[in-house]
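These notes are about the structure you will find just below.
The values are calculated or read from the model by the stated rules, or taken from the named source; none is laboratory data. Note that the structure is predicted; figures quoted are calculated from it, not measured. Glycine gets a Cβ as well: all are built from the backbone with ideal geometry, and neighbour counts include every protein chain shown. Side chains included, ligands, DNA and RNA excluded: accessible areas come from the protein's heavy atoms. Shrake-Rupley method; radii C 1.70, N 1.55, O 1.52, S 1.80 Å.
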Amino acid sequence: MKKFFLENKSNPFFWAFVAIAALLFFAMPIMSKSAGNSGDETKFQIPQGYNVLNYYKTDGQDQSCFTFENLKYYGCSFDVVTAWWNETFHVDDIARTRHMANAFCGWIAILFIGLIVWRMGGWRAAVMALVLMFFSPRFLGHSFNNPKDIPFAAGVVMAIYYTLMFFRQAPKPKWSTMVMLALSFAFALSIRVGALILIGYMGLWGLMWIVFHTLGNRKELKGGKKEAFFSALDWSATFKMIGYAIAICVVGFFVGILLWPYAWQSPITNTIDSYKAMSQFAINIRQIYEGVFMMSNELPWYYTPKFILTTIPIAVIIGWLMFPFVGAFSKERRMESIMIYFVCIFPVFWIVYTHANVYGGWRHSLFAYPPMVAAAALGFDGLVALFEKRGKKILQWAAFVLPFLLILPCVAHTIRNHPYEYVYWNELAGGTKNQFGKYEMDYYYHSIRQGTEWVLENCEPVAKPDGSKTIIGSFLVNDVTYYTRHDTLQYRPRFVRFRERDDVDWDYAVFNITAMDPDYLRSESFPPKNTIHTIDVDGVPICIVLKREDKNGFYGSEYLKQGRIDSAMYHFRKALEYDPESEGVLMNMANVFLSLQQPDSAMAMAQTVLAKQPFNSQAINYAAYAYLAKGDANSALALCENLRKHNPHDGVAYDIPLRVKLQQGDLFGADAIIKEMLENDIVNQSMVDAFVRITMAKGIDQNNAVRIVFSTIAESFEAHGKKAEAEQYRQYIGR
């Protein structure tokens with residue numbers, strides 16, 4: 001260590017690296033304190049941490065950690081360690097502990113990518129790497145509360161660093177390097193089973209080490225003969241390195257599953273099972289992508305690469321493209337440069353190649369991003385070195401300053417929008433404001449915290465005659481419950497869907513815009529009239545706070561449930577006097593008018609919504625039924641066809657056409673619709689009934705028709721990778 005400091009003490013970039021790393025060590029955890037909980041954190045991840053902790057405290061008697069089906073496939077080290085800390089030290093704000101630990105993991109990733117760059121290019125390049133990594137808004141934002149992808153990225157980057165050192169020290173690697181490599185692999189595996197990719201990285205790196213170092217400089221190879229190639233191989237060193245590598249992987253594997261109950265129960269079988277489950281993730285999430293709703297398993301092949309290229313700093317893209325032309329493949333760094341590019345390109349390539357089910361931007365690929373930054377920093381440093389070698393001082397300094405100038409928009413975004421750094425689009429995408437309504441913004445629901453706390457700090461509790469509590473409604477009711485845990489005497493959270501907000505009693509409501517209709521977000525109707533506050537990023541709202549100034553919509557809904565139509569309509573009309581564009585009220589009135597056989601009035605209600613939201617499926621459904629009531633089936637079918645083109649996964653687009661075809665006796669047309677529904681994984685009772693009817697029309701009795709239908713549905717689900725759904729339908733027929 002003394003020699004290390006003596007060698008570097010006169011290098012200003014070394015001290016700059018130390019200063020920046022130290023500053024970030026304190027700054028990132030402090031910054032995380034203002035972050036909100038993620039959408040899964042309060043409901044799933046925090047409870048799972050305590051479930052796993054209880055599993056070990058009870059010697060496996062408490063099996064609650066297997067309750068959440070998908071969570072058992074994940075390593076649990078982050079969740080269980082933070083749960084242990086919170087329980088041991090009686091921490092009240094348990095989320096804050098998690099966020100600070102999460103930020104520390106982000107810092108680890110930044111530090112080690114800096115160290116990789118230092119090893120490959122020196123301290124000047126390493127300083128660039130630290131700055132580029134910290135001011136990468138997407139990575140920084142996830143560092144505050146993404147306990148899966150950020151710790152995993154930290155483990156992967158550490159493993160890459162120690163793999164680099166392992167082969168640099170070959171054939172006699174230091175014990176400290178091998179221990180740290182095993183622990184890095186273990187840490188990554190303790191978060192995600194995808195850490196098994198590190199074994200492949202090590203194998204490829206080892207193969208390259210054999211080619212470039214063991215064989216590359218031997219005189220015997222000058223003849224180019226195959227026999228000479230193998231005779232030149234240092235078999236002793238090669239087998240020694242293979243033995244070390246196997247030992248590292250074995251130790252890292254078993255240490256990595258220590259806090260992973262499912263894997264520990266059957267290390268090989270259950271790890272393979274987890275890998276298969278994560279590779280064929282069955283949960284599909286509806287996303288706004290390119291301005292329309294799409295299911296995550298149907299996103300285009302370019303989803304991940306496009307998302308990455310439009311949401312990372314321009315500086316990183318330029319430097320990454322530049323590095324191959326300014327020294328990446330010089331003899332002394334050729335092998336390491338190839339690996340740096342491989343470990344950032346291959347994961348994205350694999351996602352594209354396998355058409356993996358990804359969502360929430362490119363968070364599943366965050367571990368591939370730090371190596372990209374490493375290449376970018378080395379690229380800019382290579383440009384500086386090029387001008388330095390040619391004695392062009394002005395160009396040398398210009399090249400050095402260039403990445404810091406290019407990163408300024410990201411610096412400004414970070415300052416303006418903390419803690420929502422990850423809601424970011426770069427200059428290629430026209431900025432964040434230009435993407436509003438085209439892509440998901442705060443898909444991690446961070447802003448629910450700020451919205452709820454704004455209500456607590458700025459809004460008076462609503463005085464009620466019966467003395468009941470003020471109700472704060474939200475779709476993320478678990479998070480609101482967490483943020484109001486110290487105000488339970490005055491406030492009561494309630495689950496409220498945004499579209500159904502008129503039908504539920506609440507006084508204030510906090511809604512993140514995630515999953516709201518993109519046409520609605522871009523319409524003049526957004527935000528709603530009773531919006532009293534917005535949480536904005538670069539001038540566009542990612543969260544809205546509503547105040548209930550009129551409850552006639554709720555009263556009308558209650559009367560409607562009781563069958564008191566006249567009273568319901570009276571309150572609905574009063575509600576429209578307050579807000580003529582109230583979607584929930586308009587839809588309730590359309591429903592009532594249809595039941596009263598007044599299709600023109602129902603159509604008027606639906607059209608009021610469709611004027612601002614042309615693909616609102618509920619409004620299209622009522623409008624189509626109004627057309628059918630008027631005997632105009634063609635117009636009803638045209639509405640549904642238009643919706644089907646816009647969103648082929650919306651069941652409304654199929655239900656009415658299927659009904660019409662059956663009424664017309666067009667079984668061939670109905671069968672075509674059913675096939676299209678199966679192709680889009682849309683199965684409901686009306687579809688099953690129609691499918692059975694069509695099958696029976698072929699002369700098959702009802703029991704066998706049901707078996708054929710369920711078997712066909714099961715095969716369709718299985719073909720789309722949905723094994724759980726397929727098994728459910730097979731159970732219906734006893735197979």
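Per residue of the chain, what 222 nm ellipticity follows from adding -39500 (n - 2.57) for every DSSP H run with n ≥ 4, rounded to the nearest 500?
-19000 deg cm²/dmol, from helical runs alone.
Could you tell me which residue out of MET1, MET202, PRO47 lies farthest along the dipole of the chain toward its positive end? Charges go on the beta carbon: Lys and Arg +1, Asp and Glu -1, centred on the Cα centre.
MET1
Of the peptides 710-718, 572-580, how do they stack up when ordered by the mean number of other Cβ atoms within 10 Å, highest first?
Working: 710-718: 18.9, 572-580: 17.2.
Per-residue mean Cβ counts within 10 Å order the peptides as 710-718, 572-580.
Carbon and sulfur atoms: what percent of the 1.4 Å accessible area of the stretch 1-145 do they account for?
Carbon and sulfur atoms account for 66 percent of the accessible area of the stretch 1-145.
How many angstrom lie between the C-alpha centres of the stretch 339-408 and the stretch 47-61?
Computed from Cα coordinates, the inter-centre distance equals 41 Å.
Shape call for the stretch 352-429 from the C-alpha gyration tensor, a ≥ b ≥ c root eigenvalues: rounded (a/c under 1.5), prolate (a/b greater than b/c) or oblate?
Here the stretch 352-429 falls in the oblate category.
Report, for the chain, the % of DSSP beta bridges that are antiparallel, rounded to 5.
The answer is about 65 percent antiparallel.
Tell me, what is the per residue accessible area of the chain in Å², probe radius 1.4 Å?
Spelled out: the 1.4 Å probe surface of the chain, per residue, equals 44 Å².
Which of the listed residues, MET335, ASN37, TYR445, is farthest toward the dipole's positive end in the chain, when Lys, Arg count +1 and Asp, Glu count -1 at the beta-carbon?
MET335
Taking a cut-off of 49 Å, what percent of all Cα-Cα pairs in the chain are separated by more than that? Intermediate results must be reported in sequence, preceding the final value.
Numbers: 70062 of 269745 pairs.
It works out to 26 percent of all Cα pairs.
If we count every other residue with Cβ under 14 angstrom of VAL384's Cβ, Lys/Arg +1 and Asp/Glu -1, where does the sum land?
+3
Using +1 at the Cβ of each Lys and Arg and -1 at the Cβ of each Asp and Glu in the chain, identify which of VAL179, TRP454, SER274 lies farthest towards the dipole's positive end.
The residue sitting most towards the positive pole is VAL179.
Suppose every K and R has +1 on its Cβ and every D and E has -1 on its Cβ; what is the size of the dipole of the chain about the Cα centre, in Debye to the nearest 20?
Dipole magnitude for the chain comes out near 3260 debye.
Please report the net charge: other residues with Cβ closer than 14 Å to the Cβ of LEU594, K and R +1, D and E -1.
Summing Lys and Arg as +1 and Asp and Glu as -1 gives 0.
If a/c stays under 1.5 just call it rounded; otherwise compare a/b with b/c (prolate if a/b is bigger, oblate if not). Do that for the stretch 606-732, with a ≥ b ≥ c from the square roots of the Cα gyration tensor eigenvalues.
The shape class here is oblate.
In square nanometres, what is the average projected area of the Cα convex hull of the stretch 458-592?
9.1 nm²
Report the Cα-based extents of the stretch 402-478 along its three principal axes, largest first, to the nearest Å.
That works out to 65, 24, 19 Å along the principal axes.
Tell me the carbon and sulfur percent of the accessible area for the stretch 317-435, rounded to whole percent, probe radius 1.4 Å.
70 percent
State the percentage of accessible surface on the stretch 591-735 attributable to carbon and sulfur atoms; use a 1.4 Å probe and exclude ligands, DNA and RNA.
Heavy-atom surface of the stretch 591-735 belonging to carbon and sulfur, 1.4 Å probe: 47 percent.
Taking Cα centroids, how far is the stretch 153-206 from the stretch 471-541 in Å?
45 Å
Run the numbers for LYS464 and ARG485: contour at 0.36 nm per residue of separation, minus the present Cα-Cα distance, in nm.
On the way: separation 21, 0.36 × 21 = 7.56 nm, distance 2.11 nm.
Extending this stretch completely gives an extra 5.4 nm.
Grab every C-alpha pair in the stretch 22-110, bin the distances at 5 angstrom width from 0 up to the longest one, and report whole percents.
3, 14, 22, 23, 18, 11, 5, 3, 1
When averaged across all projection directions, what area in nm² does the alpha-carbon convex hull of the stretch 519-638 cover?
That works out to 8.0 nm², a quarter of the Cα hull's surface.
Where a Cα-Cα gap under 25 Å defines reach, which lysines qualify for LYS392, not counting those fewer than 8 residues away within the same chain?
The qualifying lysines are LYS331.
Just order 393-405, 583-595 by mean Cβ neighbour count inside 10 Å, highest at the front, would you?
The peptides rank, most packed first, as 583-595, 393-405.
Which residues' amide hydrogens lie under 5 Å from the amide hydrogen of ILE542, considering only partners 5 or more residues apart or on another chain, with H built in the peptide plane?
Residues meeting the criterion, in which the H sits 1.01 Å from N, are ILE535, ASP536, VAL537.
Of LYS148/LYS723; LYS438/LYS469; LYS72/LYS433, which sit over 29 Å apart, Cα to Cα?
Among LYS148/LYS723; LYS438/LYS469; LYS72/LYS433, the Cα-Cα distance tops 29 Å for LYS438/LYS469; LYS72/LYS433.
What does the convex hull of the Cα atoms of the stretch 268-383 come to per residue, in Å³, rounded to a whole number?
So the per-residue hull volume is 112 Å³.
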